[in-house]
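These notes concern the structure reproduced below.
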Amino acid sequence: QSYLRVSNVSKKYSKKFSALTRSASILIIFFVSNFISVPPSFQDIVVQITSTTAIGYILYIHVQLYAIFPVLVILPALLVFVLVHFIIQSSKSDAQLKLARLFPHTNKKNKVTTFTPEGAIIADEEAN
């Protein structure tokens, strides 16, 4: 029955930054739609200039860091690795929590745990 699958999604939206993210998304969509409407050769030029500039500045920053202290060259890559690691771990724990809410599971003591849509435990009952 469909009413059993209804969940509260109000906590997924941040009221603090909703105006900022909405205006940023409107601006991004505006620029992307205008960028798509230009001829493909001009798109290629813009993409190549942007990527060359970004790679050049990254290389320039690495050369400056190497001039300060050679070990500092590793810091940006390490920072990116740590951020990616935490994003992956966060999404994995969110997925596990969603699965736990979706399917009641049996724990080691042969009890079934039932969750509310908000994530609170309703009851631990003996499984038959």
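Things to note:
- Taking each residue of region 37-60 that is under 28 Å from Ala77 (Cα atoms) and looking for partners that are surrounded by 10 or more Cβ atoms within 10 Å (Cβ to Cβ) with beta-carbon atoms closer than 9 Å, six or more apart or interchain, yields Val46/Phe35; Val46/Val38; Ile58/Pro76.
- Matching residues in region 69-116 - criterion: being of a type outside the set (Val, Ile, Thr) and at pLDDT below 60: His105, Asn107, Lys108, Lys109, Asn110, Lys111, Phe115
- Close Cβ contacts (under 8 Å, 6 or more residues apart or on different chains) running from residues in region 73-99 that are over 17 Å from Leu59 (Cβ atoms) to residues that are not acidic (Asp, Glu) comprise Leu97/Gly119.
- The residues of region 63-103 that are of a type in the set (A, V, I, L, M, F, W, C) and either under 28 Å from Ser7 (Cβ atoms) or outside any helix (DSSP H, G or I) (or both), listed by number, are Phe69, Phe86, Ile87, Ile88, Ala95, Leu97, Leu99, Ala100, Leu102, Phe103.
The values are calculated or read from the model by the stated rules, or taken from the named source; none is laboratory data. A quick note: this is a predicted structure, and the numbers were derived from the prediction, not measured. Cβ sites come from the backbone with ideal geometry, for glycine too, and all protein chains shown count toward neighbours.
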